[in-house]
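Quick note: the coordinates plus some simple rules give every number you see, no bench work behind them. Everything quoted here is computed from the prediction, not taken from an experiment. Cβ sites come from the backbone with ideal geometry, for glycine too, and all protein chains shown count toward neighbours.
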Amino acid sequence: MTPRPLALMAKDLRLVFADGAGIVQPVLLGLILVFVFSLSTPVGHDVSAQAAAAIFWLATSFAMILVFNTLYSSEGSNQSRIGLLLAPMPIQYIWIGKALAGGVLLLMAQLVFLPAIVVFLGQDEVTAWPMVLGCILLVDWGLVAVGSLLGAMSQGHSARDSLLSVVIFPLLIPVLLAGISMGSYFLGDGSGEDLGSWIGVVLAFNALFTGAALLLFPFIYGEY
Amino acid sequence: MKDNSSLTSLAGPLALAGGAAMVLAQYFIWVYAPVEVTMGQVQKIFYLHLPVAWWGMICFFIVFCASIGFLIRKSPGMDQLASSAAEVGLLYTTLALATGSLWARISWNTWWTWDPRLSTALIMWFIYAGYLVLRQSIEGRRKMRMVAAVLGVVAFLNVPLVFMSARIWRSIHPAVFASEGGGLEPEMLTTVIVCVAAMGLVTAALILLRFRQKNLQERLWSLYASDSRFNG
């Protein structure tokens, strides 16, 4: 039998791709951000590696907001949320399922953002691709842990996109700083002497918010 | 609804004591403490900056504790305490950022710098401003309280990480109490202690006054909701 969080993830992914739109909106928003920020330097000048990494994680963060709003609004109609709440499983499985689905969708969006950074921002000195992937996965874990916890918060709210952005972005600062710093190193900038410290910050962030989410998610999702 | 009158009745005496202590603090700031050689009178900003920064952070800690209390006991009083402390904390952090920026301009020749304490204060300002916006935005008081309590907990848990991440960037903030004597003249240290104590009394009074207002608002709302004439 499929473990229930994986079943929930599969259900959400099927729903997201059912109408053919999939993750078009988050990807488009991210690409627009990359393109607009490419205008921040004079023609012929390269964008610095740190700026490129910041733009990448900014695009990812905005995509994450849209992804989790989509995932949590899928139970908005027909009282489907009650069905999930009544399912014979711990309520935390919903958080895990949504986080996994969000992680998959975010990775798909990043598969588009990464080449866009290379092309639009002139970052063609990417080193150590496996390390880049590891760094992205590590930071994504933190993003989806917070996104899945607080995504439930704005469910049913008319201005949920803006509300979620205002609340989530400041919380994500440590993990975003780490992502930008590590990304900057892998794009060929800096000595990487703080790399270990940044990995420590991300691991601490991920552990803290995963633990907090497992404890606190029932309070948010179980409430009407 | 639980009556919190014994607690809120302390607000008046605390406000009076806080006012008197603030007057005393002015004496210490302008008469007792020596004028700093390099910065001159501008250094006096420090006696406002440090107390509001510290008490702002303590207010956010109160939000954290009250939020946990609300999640455990589901008591509206805990929620009211959390939101009162968040408002006062946000006000103090705004003052700390403004005074810190003035200090930075004179001392470091820049309005802003990526310093761990400055950055942490600014990020906390954003988080708690979002917290207060969230409280206004969510429909349904029960849900709003629950969501605000969860945010009140995770926001404070984030503080050490925000500080650590900002610290990996270079810091130029003075380490006021890092060494023995704190790098301050004894008169300055005494003045700082007096100012922190005075601000503590004002903080307690402000939180309790706001708490009382919210408590009364809740009672009025309950009366309004239970009156059959208004329920049609």
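List of remarks:
- Over all other residues within a Cβ to Cβ distance under 14 Å of A:Asp46, the charged ones net out to -3, with Lys and Arg as +1 and Asp and Glu as -1.
- Pairwise FRET efficiency - B:Ser101 versus B:Ser9, Cβ, R0 = 30 Å, nearest 0.05: 0.20
- Between the C-alpha center of segment A:22-74 and that of segment A:87-158 there is a gap of 13 Å.
- If R0 is taken as 45 Å, the Cβ-Cβ distance between A:Ser162 and B:Glu187 corresponds to a FRET efficiency of 0.35.
- Listed peptides A:24-33, A:92-101 by packing density, highest first (mean Cβ within 10 Å): A:92-101, A:24-33
- Of B:Glu87, A:Glu125, A:Glu193, B:Glu36, the sequence from fewest to most neighbouring Cβ atoms within 10 angstrom is A:Glu193, A:Glu125, B:Glu36, B:Glu87.
- Percentage relative contact order, chain B, counting C-alpha pairs under 8 Å, at least six apart: 35 percent
- Cα gyration tensor category, rounded, prolate or oblate, for the protein assembly as shown with a/c compared to 1.5: oblate
- Order of A:Asp194, A:Asp19 under a 10 Å beta carbon neighbour criterion, fewest first: A:Asp19, A:Asp194
- Between A:Leu85 and B:Trp221, the distance separating the two model label sites (each 7 Å from Cα on the Cα→Cβ line) works out to 2.0 nm.
- Based on Cα contacts under 8 Å between residues 6+ apart, chain A shows a relative contact order of 29 percent.
- Summary of the geometry: segment B:197-215 and segment B:21-81, compared by the centres of their Cα atoms, lie 12 Å apart.
- Helix-only [θ]222 nm of chain A, DSSP H runs n ≥ 4, -39500 (n - 2.57) each, per residue, nearest 500: -25500 deg cm²/dmol
- In percent, rounded to a whole number, the relative contact order of segment B:1-116 is 25, using alpha-carbon pairs under 8 Å and six or more apart.
- Three-way shape label, segment A:1-120, alpha-carbon gyration tensor, a/c 1.5: prolate
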